[in-house]
Structures are given as C-alpha cells and as structure tokens.
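I have a structure here, written as structure tokens, and I will follow up with some questions on it.
Any read-out appearing in this document is the output of simple, stated calculations on the displayed coordinates, not a laboratory observation. Please read these numbers as outputs of a predicted model, since none were measured by experiment. Cβ placement follows ideal geometry from the backbone for every residue including glycine, while neighbour counts extend to all protein chains displayed.
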Amino acid sequence: MRGSTTSKTKGERGALSIMGCNSGRALAERIVRNLNKIVCPKGDCPPLRLTDTEEIKFANGEIKTVITENIRGDDHYIVQCMDDPNSTNSINDNLMALLTAINAAHQSDADSITVIIPQYPYSRQERKKTREGITAKQIAQFIEVSGADRVITLDVHAEAIMGFFTSAKLEDLHASRTIIDHFQENYKTDNLIITSADVGGAEKARFYSKAMHTDLAIVDKARDYSKTSVVESMRLVGDVNGKDVLIPDDMISTGGTIVNGAKLLKEHGANNIYVACSLPFFNGNAAEKLSEAFARGDISRVIGTDSVMHGEEFVKNNPWYDEVSIAPLFAKVIHNINAKRSVSELLR
C-alpha cells in the first residue's frame, strides 16, 4: 500500500506502506479498508493497497519473507497475528515469519519500520518465578535486532514489557473504548454491574465501571501455580443479585476462569452474564467450554475483537460469540503516526 511519493519536507515521514504476513493478512486488509476511509473519505483518490510480498516456507520448516516491490524511504507497517486459528502455523512459526519480514523491510531500506502485533507473544513470561527465562524480554530483543523502530500491540498482558524495549518504541492500544461503544449500542445497560474476572483485572473493571456509570464487583481467584492454568478457589466480593453482569478481561485462553466465574455469579443470583475480551484466543477446548456454559445459561454472550481472527464460519456457528473489529483503531493510529499527529488520545 503506498501513500504520496513526493519528496519529503522537514518533519514529514516517508510514503505510507503496509504489508501483512500470511497470518496477519486478513487483519491488514481490514486496516487498509479503514485507512482508505480516513485518507480518502469521498473515494475520489487512488485507494491504498497492501504491499506485494511472498512468505516462503521450506521443507525443513525455515521461513523467508520476500518484499516484491520498492519500499525504499517508506514509513512501513508490518501486520502479524501470532495466534491464528485458521492456520496450521504455530506461534513460533508466525514469530519467525514476522522477524524475517522486519529484516526484509530493513534490508529494503524502509525509512521507518513499525510492527503491528495485536497479540504480544510470550507476554505471560514477563518475570521469573523459578529457574526460567524472561521470554517476553527476549521477544523485544528479537524484534529490535531485526530492525523495527516501533511496535504497536493491544492490551499487553504485563505493562512491564514496555521497559523491555531499548531502541524501539512500544505503543499499547486498548480495546476498552471500542468494546464499550459496541456494548452500549447493542445491549441493555440499565441494570448492569461490572465484575472483574480476578483481582488482577480490577483496574480494567474499574475503567469500564467509570466509563459506563455502573457499580463494581470483584471475583477473587486463588491460582495453583504448580499446575498450568488451574484455579484453586474463587469468591465474590460485591452484590450481583438480580443484575446483568459484564466481565471485561484482556484475554481468554483456556476459558476456565471465565466459565467458573460465570458459574459463581449465577450462584449469587446474576441474570445475564456477558464477557468482553480484547484477545479471544480460545486455546485448547475453550470454545467447547464456552458453548456448554452458553447452553446452561451461565453465559449469554462473549464479545471479542478481531485481533484474533476466528473467521466467518466460527462466528456463524457459535451464537454465543459476538465479534467487534479493532481495525479502525489501528487505522487511526497508523494515520496519526504517518501524519505526525498525536496518538495519546487513541492509546487510552
């Protein structure tokens, strides 16, 4: 996708170009459509398009990205989704594809390289609990050494990750406003209470509660760290009796916390229970758990963003799932960065 190719004057960035790795292409296409609405609202100018690229996978599993057109001097953006339910690629495959794409752009002499990864990989490995690596920091180092100048992600799991970058800038976008607007437009809010899935999510729940002018309750969760994704016990702090409940969270992985939390809320007299998450990973049998919770009436709807693209068939076949697009937010941020405008309001 190319913007103006005229010479730059002082303070201007290069021509805008954007590419999508294979697993990021669907989201990249949505971002491009929204960018076109911003830069050419009347549709009377040439539409922006994706840069032509090729992602090659060799028989031994090695990956190579080739950029097949000139991007020299461009303000270049690379979109990649690490967790892709519609691909056989692992997160590690997609990470390597991203790194080769970054370095291909660097070798092609792009003026600035921005990486768009809604899902920051290994974000739950941001600190050491025992004899283990701080892998989230390694990812930052991999991205930087490959040639990236900026990284844009979505609701990063641990804010400490921002401090892992030394040469590149990390911009952490939030899906909260997008989800809140969608919820207020499509669901009743007159009998609503916000509940956090755990104490760690209390800050996000407080933001939702303040923005939506509702009361707040908290589910206190005790986790068994000797086992992976196992919760020992849960208790509710607050009154949800006779209320509709919205549970906002940054991600749904295996779904255990959400399903158990919804069951606890139902036991305390909650009516409709809605779940909202920025990153709907639905790993393992999470979708099956959520389907069963929906069938029991424990969960009325799960609202997730297209930061994880499950596809039209998934949305069609799972009546409990409601997808809202985060692409317009990424498009606004890209446009503001390229136009050297403030992005602080968009990061809140």
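If you line up the long axis of helix 91-107 against the longest principal axis of the chain, both from Cα atoms, how many degrees apart are they, to the nearest 10?
30
Order by neighbour count: Ser17, Ser342, Ser209, fewest other Cβ atoms within 10 Å first, most last.
So the residues, fewest neighbours to most, are Ser342, Ser209, Ser17.
Give, to the nearest whole percent, the P(r) tail of segment 176-324 beyond 26 angstrom, counting all Cα pairs.
17
Computed over the Cα atoms, what is the radius of gyration of segment 37-182 divided by 2.2 N^0.38 Å, N being its residue count?
Output field value: 1.14.
If contacts are Cα pairs under 8 angstrom and at least 6 residues apart, what is the relative contact order of the chain in percent?
14
Going down the table (Lys64/Lys316; Lys128/Lys169; Lys129/Lys263; Lys169/Lys204; Lys42/Lys316; Lys137/Lys204), which pairs top 26 Å between alpha carbons?
Going by Cα-Cα distance, Lys64/Lys316; Lys129/Lys263; Lys42/Lys316 fall outside the 26 Å limit.
Taking the 0 to 90 degree range and rounding to the nearest ten, how far is the long axis of helix 135-146 tilted relative to the main principal axis of the chain, both from C-alpha atoms?
With rounding to tens, the tilt is 20 degrees.
Right, something else. For the chain, set up a Gaussian network in which alpha carbons nearer than 10 Å are linked by springs, and say which option among Tyr321, Tyr274, Tyr187 fluctuates the most.
Tyr187
How are the alpha carbon pair distances in segment 102-226 distributed across 10 Å bins from zero to the largest one, expressed in percent?
Computed distribution, short to long bins: 11, 31, 28, 20, 9, 1.
Give me, ordered by chain and number, the residues 5 or more places off Tyr77 or on other chains with an amide H under 5 Å from its own placed amide H.
Distant-sequence amide H within range of Tyr77: Ser17, Ile18, Met19, Thr114.
Quick one: Asp149, Asp239, fewest Cβ neighbours within 10 Å first, how do they rank?
Arranged by neighbour count, lowest to highest, Asp149, Asp239 become Asp239, Asp149.
Semi-axes of the equivalent ellipsoid of the chain: what are they in whole Å, largest first, if each equals the square root of 5 times a C-alpha gyration tensor eigenvalue?
Taking √(5λ) for each eigenvalue gives 37, 23, 18 Å, largest first.
When only C-alpha pairs under 8 Å and at least 6 residues apart count, what is the relative contact order of segment 176-324, in percent?
Across segment 176-324, relative contact order equals 20 percent.
Taking amide H positions as placed in the peptide plane 1.01 Å from N, state which residues far from Ile326 in sequence (5 or more) or on other chains have amide H under 5 Å from it.
Excluding prolines and chain starts, which carry no amide H, the hits are Asp306, Ser307.
Dipole of segment 176-324 (Lys/Arg Cβ +1, Asp/Glu Cβ -1, origin at the Cα centre): which of Leu279, Tyr187, Gly200 lies farthest to the positive side?
Gly200
Also, quick follow-up: Taking Cα atoms, how many degrees apart are the long axis of helix 286-296 and the longest axis of the chain, rounded to 10 and kept between 0 and 90?
Helix 286-296 and the main axis of the chain meet at about 40 degrees.
Take the alpha carbon atoms of segment 305-339, find their center, do the same for segment 36-107, and report the distance between the two centers in whole angstrom.
Each part's Cα centre sits 17 Å from the other's.
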